[in-house]
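Novice: Sharing a structure below in structure tokens format, with a few things to ask.
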Amino acid sequence: MRYQPRLTKKVKAIEVNGSKPVSNLLAEMAETGFQGKNLARVAEIWEKMVRNPDVTILMGYAGSLSTTGQWKLVNWLIERRFIDVLIPTGANVSEDIVDAMGAGFWQGDHRVDDVTVFKKDLNRYYDVYGREDDYMRMTEMIAEFILTLKENHPYTSREFFQLFGNWLNEKNIPSIVATAARCGVPIYCPAIADSPYGDAALIAKAKGFHFVLDAMEDYREFMLLADRVKDTGVVYVGGGVPKDFIQLFSVTSNLQFEERRLPNRPGGVKRVAESYYPHKYAIQITTDSPQWGGLSGCTFDEAMSWGKEDPNGDHVQVYCDATIALPIVTQAMSERIKEKRKSRNLVRVLKQLAAVS
């Protein structure tokens, strides 16, 4: 989208104040430029989503951020219902369990001798270390849970995580999966095998148990939800598979109906003989650049060419490390929005859809 240059709003210099709340600082950053202004816009647009009762908020959570102490922020967002559906990488909803079990991770240095790291049975996540025995204990625990399931039953990842979250809550392990299960927030993980969950399935198989996840049913069930919402807002922490999975919610959910439109959802944008339902709000925290052609760095302007984002909606991408941006934005929202957001229990909705489809 091209804009004409206008001298309508001056940049305001930020004043130093020792007692300034984070939310006030972000408000001042909105009057500046570069990524500071964009970070402020992330908080503004997310707050708009939260305060709009017609919006269903989908969050993609990519990378290996739970190892860096970000997972309790996600728990808080779930508990406050500032997100309605979570689509993470498998790493982000397994490595947090290590911390939730009490083992944790350790601050390190990226300049370390990695051969020595390996010999000491440590794993390095840039400048964070984790113990291999803690990682394997977490993986073995997931395998222990898998052995309680129905053998050869085709589970969706949403169904699997709901059951696993209930199991973790009984063990008082307050991970992301446990929090989501307790709060009725569904989790879909389209690349679940690329994580300790895949490793746990191998352990279960070695014990003679055949665990089945149905990826296509996962996708179909997720797309059924598109016919039961009014407007959507998306939050991308990183990019990758979670971002693409959510972006497709706008443009492929119509394919499940012969008339290529959602029968219970008015509106939509016509393209050829199909109806698309672009996201009204979109924010992304990313360090990826668009010129390499990958989806993680793809701009929302480019996404409009696919019908994934609404040209008349609110969207912003901030080019910033998520370990900087997510804590600041979450803290600011905690100061600005005191009440818990009212939202539908989408787990209940999805169970009903799965039962009749």
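Novice: For the stretch 332-344, indicate whether the set of residues that are surrounded by 16 or more Cβ atoms within 10 Å (Cβ to Cβ), closer than 17 Å to V229 by Cα, in contact (Cβ under 8 Å) with a residue 12 or more places away in the chain and among the polar types (S, T, N, Q) is non-empty.
Specialist: Checked against the condition, which is being surrounded by 16 or more Cβ atoms within 10 Å (Cβ to Cβ), closer than 17 Å to V229 by Cα, in contact (Cβ under 8 Å) with a residue 12 or more places away in the chain and among the polar types (S, T, N, Q), the stretch 332-344 yields at least one hit.
Novice: While we're here: Quick check on the stretch 286-304. Is at least one of its residues among the β-branched types (V, I, T) and either in contact (Cβ under 8 Å) with a residue 24 or more places away in the chain or touching a Phe, Trp or Tyr at 6+ places or on another chain (Cβ under 8 Å) (or both)?
Specialist: Within the stretch 286-304 (the criterion being among the β-branched types (V, I, T) and either in contact (Cβ under 8 Å) with a residue 24 or more places away in the chain or touching a Phe, Trp or Tyr at 6+ places or on another chain (Cβ under 8 Å) (or both)), the answer is yes, since at least one residue qualifies.
Novice: Also, quick follow-up: I'm trying to understand the selection: among the residues of the stretch 22-60, which are surrounded by 14 or more Cβ atoms within 10 Å (Cβ to Cβ), assigned to a loop (DSSP other than H, G, I, E, B) and in contact (Cβ under 8 Å) with a residue 40 or more places away in the chain?
Specialist: If the condition is that a residue be surrounded by 14 or more Cβ atoms within 10 Å (Cβ to Cβ), assigned to a loop (DSSP other than H, G, I, E, B) and in contact (Cβ under 8 Å) with a residue 40 or more places away in the chain, then N52 is the only one that fits.
Novice: Still on this structure, I have one more. What number goes with the only condition from (1) without any contact (Cβ under 8 Å) to a residue 12 or more places away in the chain; (2) part of a strand (DSSP E or B); (3) among the aliphatic types (A, V, I, L, M) that L7 does not pass?
Specialist: Here L7 meets the rest and fails (2).
Novice: Moving to a separate point now. Give just the number: which of (1) in contact with a Leu (Cβ under 6 Å, 6 or more places away or on another chain); (2) part of a helix (DSSP H, G or I) does F209 not satisfy?
Specialist: (2)
Novice: Here is a check on your reading of the model: is L295 out of contact with any Cys (no Cβ under 9 Å at 6 or more places or on another chain), crowded, with 21+ Cβ neighbours inside 10 Å and of a type in the set (A, V, I, L, M)?
Specialist: No: the conditions fail for L295.
Novice: Continuing with the same structure: Collect the residues in the stretch 202-224 that are crowded, with 21+ Cβ neighbours inside 10 Å and over 30 Å from T323 (Cβ atoms), keeping them in residue-number order.
Specialist: Of everything in the stretch 202-224, those that are crowded, with 21+ Cβ neighbours inside 10 Å and over 30 Å from T323 (Cβ atoms) turn out to be F211, E221.
Since every read-out is calculated from the coordinates, none of them should be taken as a lab result. Worth saying up front: this structure is predicted, and the values here are computed from it rather than measured. Cβ atoms come from the backbone with ideal geometry, glycine included; neighbour counts cover every protein chain shown.
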